[in-house]
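J.: Encoded as structure tokens, here's the structure I'll be asking about.
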Amino acid sequence: MKLFTWNDILSILNGDNSADFLGGAKTGVSVGSFDGLHKGHRKLLGELLTACRGKGLSAGVVTFLRPLPGIKHSGDYMGDLTTLNQRITLFEELGLDFAIIVDFDDSFASMMGADFLNILLNVCNMELLAEGIDFRCGFKGATDAQAIRYWAEQNGVETIFVDPVYFREGTDEEERISSSYIRKMLSRGFFTTAQELLERPYELDIASFRRSQTEKLPQLLPPDGLYRTENEKGELVRLEIKQRKIVELPDCQVLRFASC
């Protein structure tokens with residue numbers, strides 16, 4: 001999988017880069033934070049990949065250095081489910097061809113939705129856009145699905161809008177699968193539910209905790225307590241969390257809450 005920054009895309013747009021994006025290949029794109037890469041994300045990206053393979057397009061995503069809720073709602077935000085490195089690994093496992101990483105700064109946040117889509121069209125040769133039905137883009141999210149459909153019709157871009165995915169656990173009520181709901185489950189120590197919705201055990205990128213030099217945690221930590229976790233070799237590791245901190249970082253790269 002090839003990685004690009006948004007600055008790389010702007011350089012091509014401005015003629016500062018002689019190379020075409022992916023050698024001029026036609027593409028299908030999905031835009032989002034994709035934090036955790038849960039069942040809903042997998043359905044969306046599965047449809048993107050299926051459509052792209054059928055049309056001979058390269059499939060990729062535009063994602064962000066950090067999930068957008070952590071930027072827009074930092075006051076009550078619980079934490080990321082995945083680090084950027086984890087998301088990139090999951091994208092690769094799904095079979096995506098490329099990812100464009102955006103630093104959601106003031107310049108990007110102030111961009112009009114049509115301008116953003118035009119860049120994907122003209123630089124990334126986008127012929128297909130796949131999103132969730134409630135996806136919005138552009139300044140203050142002003143460009144909704146209806147506006148995107150209109151833009152796509154005017155520019156010969158195919159659109160796929162995917163409905164939310166729901167699950168039912170122990171009651172007749174359905175819950176919409178979302179990153180925010182999974183954060184709530186993990187904040188209460190409900191690892192089995194989180195694993196079902198993520199389709200994998202919740203995993204801490206211990207290497208990122210080791211690199212972190214600030215109070216801002218790389219990922220959401222479960223409630224204070226002692227946990228039996230597994231490292232990348234499948235070995236059991238005792239993990240203590242106290243006052244939203246890991247008491248002693250273990251000598252490993254990752255820890256999975258697989259046996260909780």
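The values are calculated or read from the model by the stated rules, or taken from the named source; none is laboratory data. Just so it is clear, the model here is predicted, and its values are computed rather than measured. Methodologically, a virtual Cβ is constructed for each residue, glycine included, from the backbone with ideal geometry; neighbour enumeration extends over all protein chains shown. Accessible surface areas use protein heavy atoms only, side chains included; no ligands, DNA or RNA. Shrake-Rupley method; radii C 1.70, N 1.55, O 1.52, S 1.80 Å.
J.: What accessible area per residue, rounded to a whole number of Å², is obtained for the stretch 207-260 using a probe radius of 1.4 Å?
T.: 66 Å²
J.: For a protection proxy built on the mean count of beta-carbon atoms within 10 angstrom, sort 134-143, 231-240 highest first, please. All intermediate terms of the calculation are to be shown ahead of the outcome.
T.: Values: 134-143: 15.6, 231-240: 12.6.
With the highest mean Cβ count within 10 Å placed first, the list reads 134-143, 231-240.
J.: What ranking do 32-45, 184-197, 216-229, 102-115 get when scored by the average of other Cβ atoms within 10 Å per residue, highest first?
T.: Result, highest mean Cβ count within 10 Å first: 32-45, 184-197, 216-229, 102-115.
J.: Over 21 Å between Cα atoms: which of K140/K184; K72/K140; K72/K245; K55/K140; K43/K216; K72/K184 fall into that group?
T.: Flagged as over cut-off: K140/K184; K72/K245; K55/K140; K43/K216.
J.: Rounded, prolate or oblate: which fits the stretch 2-160 when a ≥ b ≥ c are the square roots of the eigenvalues of the alpha-carbon gyration tensor, with rounded for a/c under 1.5 and prolate only if a/b beats b/c? Don't jump to the answer; show the numbers that get you there.
T.: On the way: a/c = 1.28, a/b = 1.18, b/c = 1.08.
Rounded.
J.: Here's something else I'd like to know. Whenever you get a sec, compute what percent of the accessible area on the chain sits on carbon and sulfur atoms (1.4 Å probe).
T.: After summing per-atom areas, the C and S share lands at 46 percent.
J.: Sorted from largest down, give the three principal axis spans of the alpha carbons of the stretch 1-69, whole angstrom values.
T.: Dimensions of the stretch 1-69 along the principal axes of its Cα atoms: 39, 33, 16 Å.
J.: Just how far, in whole angstrom, is the stretch 112-153 from the stretch 1-63 if you go by their alpha carbon centroids?
T.: That distance is 13 Å.
J.: Something else now. Could you list, bin by bin from short to long, the percent of Cα-Cα pairs of the stretch 191-260 in 5 Å steps?
T.: All Cα pairs, binned at 5 Å, distribute as 3, 17, 28, 29, 17, 5, 0 percent.
J.: Then there's this: In the chain, with Lys and Arg counted as +1 and Asp and Glu as -1 at Cβ, which of these residues, Y227, G32, M1, has the Cα nearest the positive end of the dipole, that is, farthest along it?
T.: Y227
J.: Continuing with this model, one more query. Any idea what diffusion coefficient the stretch 96-203 gets from Stokes-Einstein, in µm²/s, Kirkwood Rh on alpha carbon pairs, 20 °C, 1.002 mPa s?
T.: For these conditions, the coefficient is 130 µm²/s.
J.: Taking every DSSP beta bridge that has both residues in the chain, what percent is antiparallel when rounded to the nearest 5?
T.: The answer is about 40 percent antiparallel.
J.: How about the stretch 99-174: which GluC sites (Glu not before Pro) there lie in a loop by DSSP and see at most 13 other Cβ atoms within 10 Å?
T.: Those that pass, being in a loop and sparsely packed, are E169, E173, E174.
J.: Something else now. Nearest 20 debye, what's the magnitude of the dipole of the chain about its Cα centre given +1 on Lys and Arg Cβ and -1 on Asp and Glu Cβ?
T.: Here the chain has a charge dipole of around 420 debye.
J.: Here's another thing I want to ask about it. Please name whichever of A19, L198, Q146 sits farthest to the positive end of the charge dipole of the chain, dipole taken about the Cα centre and charges placed at Cβ: Lys and Arg +1, Asp and Glu -1.
T.: L198
J.: Still on this structure, I have one more. Please report the net charge: other residues with Cβ closer than 9 Å to the Cβ of I160, K and R +1, D and E -1.
T.: Within the 9 Å Cβ shell, the charges total -3.
J.: Taking Cα pairs under 8 Å and at least six residues apart, what relative contact order does the stretch 163-248 come out at, in percent?
T.: Answer for the stretch 163-248 is 17 percent.
J.: Follow-up. Which of the peptides 162-168, 7-13 is most tightly packed, and how do the rest follow, going by the mean number of other Cβ atoms within 10 Å of each residue?
T.: Ranked by mean Cβ neighbours within 10 Å, highest first: 7-13, 162-168.
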